[in-house]
Amino acid sequence: MTKQTYQTLNVHCDDAGVLRIVIDVPGRPLNVINADVMNELDAAITDLEARKDVKLVVFKSGKESGFFAGADVSIIESISNKSQAEQLLVAGQRLFARIEKLAVPTLAVIHGPCLGGGLELALACDYRIARDNSSTKLGLPEIKLGLIPGWGGTQRLTRLIGLKHSLQMILKGLHVSAQAASSIGLVDKAIAPDRWRDELLEVINHLLHGDELHSVFAIGRGVKNRLQANEFVRQQIVAIAERSIAKQAVHFPALSSAIKAISESFENDDRGYETERAEFKKLLFTPACRNLLRLFFAKERSRQLKTWVTDHSQLLHQDPIRRLGVIGGGVMGAGIAHCAATRGYPSTIKEANKMTADAARNRVDQLVNEYAEHKGMDREQSERLKSAVMVSESMADLSDASCVIEAIVERMDVKKSVLRDLESSIGKSAVIATNTSALSVSEMASVLRYPKRFAGLHFFNPVSRMELVEVIRGDQTSDATIAKLVGFVKSLGKTPIVTKDSPGFLVNRILFPYLGEAVLMVQQGFDVKTIDDEMRTFGMPMGPLRLLDKVGLDVALHVAGTLQQMMPAAGTISTILGDFVGRGDLGCKSGSGFYRYGGKRPKPRSGRKLVSYFVQPPASIDFIEDGLTDIQRRLVYPMLLEATRCLAEGVVESEWAIDLGMVLGTGFAPQLGGPMQVIHEIGHAHFNANLARLALQLGERFETYEPVRAVNGQDTSLMKQGELL
């Protein structure tokens with residue numbers, strides 16, 4: 001038989017009859033399923049179907065980075081009509097069905113990521129084994145793109161692991177570890193790295209002797225999910241799932257589509273696969289999906305060095321950050337050190353004295369304990385992680401750090417003093433960063449001898465959960481420093497956005513007018529719960545007043561002071577927040593703010609008990625239809641307006657960076673695509689016209705000195721400041 005030559009596959013059959021199909025997509029750090037992979041897998045399966053010498057087929061990756069990252073999202077994004085989508089979906093479903101129906105056993109050998117279409121390929125195999133280490137993760141994350149699995153994932157996953165687990169995985173886009181996958185039956189065996197080669201050979205040997213394998217793996221297969229196969233039980237589980245996603249499904253239609261496809265997975269015909277294709281096609285052209293796809297590509301762009309540094313090719317090979325120092329072991333400092341340690345960075349926290357050092361140690365240990373419990377780590381692994389973070393009272397212990405992050409109190413004078421002392425204690429090649437949420441990076445750099453190696457690195461709280469990190473370029477920050485910090489942020493598994501040094505940088509500057517407007521509305525007698533409920537209906541994960549409580553009203557007061565010169569209403573907002581802070585109402589951490597805490601659910605407080613005096617609410621006015629309620633418009637427009645100002649001032653250079661930053665940093669409704677995308681949806685002319693009305697109704701904070709223009713420079717507005725359409 002003529003040997004087929006492939007570009008993405010290496011196909012080899014040994015003397016024992018084991019045919020190995022090794023996938024290695026050229027030019028990609030991780031395998032993705034693209035047209036070449038699909039065509040070559042199709043050819044390999046056609047060849048395999050005609051062979052008589054094969055006793056076992058093994059699918060594996062030729063890349064140490066992992067099995068599959070999933071389908072090539074750029075192909076999905078480029079589909080322009082439902083006919084193209086149908087062709088792609090049918091091709092994938094038919095290919096995996098052929099793999100499923102092969103006359104010989106099939107085995108997927110999984111290490112590293114096995115996601116999306118990669119997991120759908122593995123599900124088409126008879127057996128799956130996975131290497132049990134931290135990089136291995138299995139999942140169907142399509143819901144995060146506003147889609148559902150389209151190559152049989154909604155059908156095969158449910159039949160394999162049952163309705164309950166498949167609903168959880170698909171509706172949440174969950175990634176599960178090898179051990180977790182083994183416990184729910186997603187993989188047949190999770191193998192420790194030090195036993196990987198030996199046990200893999202054992203599995204292959206078992207599969208070559210089918211009767212023996214049956215006793216090893218198939219006990220209980222199909223039995224554990226028998227109860228869920230009962231139609232009445234299935235209906236109950238589906239009904240519970242539908243109720244749980246009812247509110248979210250308004251914004252994310254993929255949730256309902258997923259349940260619809262999954263609920264048909266127990267049928268004995270192809271109806272479930274047809275439903276999967278139909279729902280995928282319907283979702284692909286929804287605004288939510290298109291916006292989530294834009295955000296996906298924005299995130300990919302933000303993680304590329306060439307996006308932020310002009311001469312990036314010269315900086316790719318400079319020594320990366322290897323050891324981290326952190327000054328200050330408070331909530332943020334301890335969180336940064338812990339996060340770095342989980343990614344393999346030895347870290348040293350410098351504290352002022354024994355008491356604060358002990359407190360920092362306790363914070364780190366608590367973070368590690370929570371992390372270890374979440375990851376299922378044993379005591380030895382947990383202790384090893386704790387030992388990766390040293391806490392010291394001596395600045396000299398930072399001397400070997402290649403990056404030191406200052407994370408102390410938000411006071412310019414204190415930060416300058418600490419940075420001045422730090423510079424003389426570390427090597428000249430070490431990068432220095434300040435974790436500040438609003439203070440000027442350039443002003444801090446004025447006390448340094450080598451300001452080129454200094455920048456801002458704004459982590460968001462809690463560090464372990466928040467994906468965004470703002471990298472702030474000071475007036476004298478070098479490209480080499482930016483390159484090192486962008487690389488460091490990426491290595492932490494986070495997403496960097498490089499901003500200009502401007503009060504509030506990007507996220508806080510855009511977010512604060514929104515939060516401040518909510519405070520002013522409380523002063524005018526608006527109900528706390530009504531304000532928050534309106535914004536949750538808009539699509540925010542929580543309302544502005546609840547968010548203020550979570551951030552801390554003392555922190556919000558500090559940010560308000562920083563932005564006071566830029567925002568007309570910041571002084572009034574500071575006064576109101578100052579009253580809260582003065583009486584000890586700091587939000588969640590004090591047990592009271594706009595809400596009272598302590599019970600099962602926060603309870604909104606009466607506005608009459610929150611502010612010392614009320615002002616007259618504004619008169620009503622007619623607005624041009626923009627899809628928003630009056631309360632939503634009043635709260636959302638300040639964000640949109642400030643976003644346009646940030647773009648005009650070059651805080652960042654692109655709209656996508658604003659949208660991505662606000663989605664990752666604040667939870668801005670991702671299905672809407674971000675503030676700039678919302679403006680496009682409203683229309684620049686209507687947005688400007690409504691701004692003018694808000695300015696007449698509420699004052700100068702809604703004024704814009706120039707009409708907002710389209711990105712291509714064409715003036716799409718039909719008004720000047722103060723004029724109405």
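The values are calculated or read from the model by the stated rules, or taken from the named source; none is laboratory data. If you're wondering where the values come from, they're calculated on a predicted model, not measured in any experiment. Please note: Cβ atoms are built from the backbone with ideal geometry, for glycine as well, and neighbour counts cover all protein chains shown.
Per-structure values
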{"quantity": "Subset of segment 383-403 (residues that are in a loop (DSSP other than H, G, I, E, B) and of a type in the set (Gly, Ala, Ser))", "calculated": "Ala388, Ser394, Ser399, Ala401, Ser402"}
{"quantity": "Those strands (runs of 3 or more DSSP E) lying entirely in segment 435-503 with at least 3 residues under 20 Å from Leu324 (Cα atoms) and β-branched (Val, Ile, Thr)", "calculated": "468-473"}
{"quantity": "Qualifying residue in segment 301-321 (condition: in contact with a Leu (Cβ under 7 Å, 6 or more places away or on another chain) and at pLDDT 95 or above)", "calculated": "yes"}
{"quantity": "Candidate set from segment 117-138 (those that are surrounded by fewer than 24 Cβ atoms within 10 Å (Cβ to Cβ) and in contact with a His (Cβ under 8 Å, 6 or more places away or on another chain)); member that is farthest from Pro193 (Cα to Cα)", "calculated": "Lys137"}
{"quantity": "Qualifying residues in segment 680-722 (those that are more than 24 Å from Met566 (Cα to Cα) and of a type in the set (D, E, K, R)) - the one modelled with the highest pLDDT", "calculated": "Glu681"}
{"quantity": "Selected residue (only one of Val389, Val368, Val326 is of a type in the set (Val, Ile, Thr), under 22 Å from the mean Cα position of the chain (by Cα) and modelled with pLDDT of 95 or more)", "calculated": "Val368"}
{"quantity": "Any hit, segment 92-100, residues being among the aromatic types (Phe, Trp, Tyr) and in contact with a strand residue (DSSP E or B) (Cβ under 7 Å, 6 or more places away or on another chain)", "calculated": "no"}
{"quantity": "Residue count, segment 163-184 (criterion: under 17 Å from Val109 (Cα atoms), among the hydrophobic types (A, V, I, L, M, F, W, C) and in a helix (DSSP H, G or I))", "calculated": "3"}
{"quantity": "Contacts under 6 angstrom Cβ, first residue in segment 272-297 being on the phi > 0 side of the Ramachandran plot and surrounded by fewer than 23 Cβ atoms within 10 Å (Cβ to Cβ), partner part of a loop (DSSP other than H, G, I, E, B) and modelled with pLDDT of 95 or more, 6 or more apart", "calculated": "none"}
{"quantity": "Within segment 515-592, helices (runs of 4 or more DSSP H) holding 2 or more residues that are closer than 16 Å to Leu635 by Cβ and touching a Pro at 6+ places or on another chain (Cβ under 7 Å)", "calculated": "528-538"}
{"quantity": "Number of positions in segment 168-179 that are touching a residue at least 60 places away in the same chain (Cβ under 8 Å) and either within 16 Å of Phe68 (Cα to Cα) or surrounded by fewer than 24 Cβ atoms within 10 Å (Cβ to Cβ) (or both)", "calculated": "5"}
{"quantity": "Residue that is in contact with a Ser or Thr (Cβ under 7 Å, 6 or more places away or on another chain), basic (Lys, Arg) and under 25 Å from Ile482 (Cα atoms), where the choices are Arg411, Arg343", "calculated": "Arg343"}
{"quantity": "Hey, Lys428 charged (D, E, K, R) and either within 26 Å of the chain's Cα centre (by Cα) or at pLDDT 95 or above (or both) or not", "calculated": "no"}
{"quantity": "Residue match in segment 132-153 (condition: within 18 Å of the chain's Cα centre (by Cα), under 20 Å from His111 (Cα atoms) and hydrophobic (A, V, I, L, M, F, W, C))", "calculated": "yes"}
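Okay, residues lined up against (1) among the polar types (S, T, N, Q); (2) touching a residue at least 60 places away in the same chain (Cβ under 8 Å):
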position: Lys415; (1), (2): no, no
position: Val418; (1), (2): no, yes
position: Gly427; (1), (2): no, no
position: Leu439; (1), (2): no, yes
position: Ala445; (1), (2): no, no
position: Leu448; (1), (2): no, no
position: Ser491; (1), (2): yes, yes
